[in-house]
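Inspection log for the structure reproduced underneath, given as structure tokens.
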Amino acid sequence: MTKSCDQTSSDSPRSTGADSSVSCLLPSAEATAKLARQLATQLHPGDCLLLEGPIGAGKTHFARSLIQSLMVQPEDVPSPTFTLVQTYDVPCGELWHADLYRLSALEEIEELGLFEAFDDAICLIEWPDRLAELTPSHALRLELSLDQTEEDCRHLTLTWSDAKWQNRMNEIANDKP
Ligand SMILES: Nc1ncnc2c1ncn2[C@@H]1O[C@H](COP(=O)(O)OP(=O)(O)OP(=O)(O)O)[C@@H](O)[C@H]1O
Ligand SMILES: [Mg+2]
């Protein structure tokens, strides 16, 4: 992450009750891809990333960059807009990429097998607001927003309450360019 990151915590960072957050400026699509690759190195089965933000914010770009960095054999990573879910085999296990924008009912999530995946796989979820009260509490939230003036600039806020993310955020922040 760049020096433009600001970290805040509403309680001790080790606490599981309060949210901690860090904000970054991502001045280009490549900056977003780089952060996705850095985060990829910190992920384990059972981790869940919630990718929030409006249409065109860069949720799929982030997920695609992350997934491709974990692939042993390069493969296309299509947006799961219509399939809802795409799954991939990566060295540490299964990775699920979901786009819940077109989800019609919460029962569909169960049919997709997403709840089991929350326990066993790395899950990247676009439009996670569709999960409502079924949102996993151990997830890392990434909220992307567009810049008012710079076309290729994005603002990102990462938020977590599970203490496991704190060390990982420190690792990324200390990662040399
Ligand atoms: N800094 C940036 N970070 C991420 N994407 C960027 C950035 N600058 C430009 N882009 C471009 O913005 C577009 C984002 O499209 P993307 O499909 O990732 O959006 P999305 O958030 O997944 O939208 P949707 O809600 O429709 O799924 C891509 O073409 C990407 O190259
Ligand atoms: Mg998308």
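Just a few scattered comments:
- Members of the range 109-151 found to be within 16 Å of Glu52 (Cβ to Cβ), among the charged types (D, E, K, R) and in contact with a strand residue (DSSP E or B) (Cβ under 8 Å, 6 or more places away or on another chain), listed by number: Glu126, Asp129, Arg141, Glu143
- Within this structure, Leu106 fails the test of being touching a strand residue (DSSP E or B) at 6+ places or on another chain (Cβ under 6 Å), over 16 Å from Leu49 (Cα atoms) and among the hydrophobic types (A, V, I, L, M, F, W, C).
- Leading residue by the ranking (surrounded by the fewest Cβ atoms within 10 Å (Cβ to Cβ)) among those in the range 73-91 that are modelled with pLDDT under 95 and touching a strand residue (DSSP E or B) at 6+ places or on another chain (Cβ under 9 Å): Phe82
- In the range 50-67, the qualifying residues are those that are part of a helix (DSSP H, G or I) and in contact with a Lys or Arg (Cβ under 8 Å, 6 or more places away or on another chain), and the one that is surrounded by the most Cβ atoms within 10 Å (Cβ to Cβ) is Leu66.
- Test: residue in the range 125-142 that is assigned to a loop (DSSP other than H, G, I, E, B) and within 14 Å of ligand 2 (Cβ to nearest atom): yes
For (1) more than 13 Å from ligand 2 (Cβ to nearest atom); (2) closer than 16 Å to Thr32 by Cα; (3) aromatic (Phe, Trp, Tyr), each residue gets a yes or a no:
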{"residue": "Thr60", "(1), (2), (3)": "no, yes, no"}
{"residue": "Asp99", "(1), (2), (3)": "no, no, no"}
{"residue": "Leu106", "(1), (2), (3)": "yes, no, no"}
{"residue": "Ala121", "(1), (2), (3)": "yes, no, no"}
{"residue": "Thr149", "(1), (2), (3)": "yes, no, no"}
{"residue": "Gln166", "(1), (2), (3)": "yes, no, no"}
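- The single condition among (1) acidic (Asp, Glu); (2) surrounded by fewer than 20 Cβ atoms within 10 Å (Cβ to Cβ); (3) in contact (Cβ under 8 Å) with a residue 24 or more places away in the chain that Asp47 does not meet is (2).
The values are calculated or read from the model by the stated rules, or taken from the named source; none is laboratory data. This is a predicted model, so every value here is computed, not measured. A quick note on method: Cβ atoms are made from the backbone with ideal geometry, for glycine too, and the neighbour counts reach across all protein chains shown.
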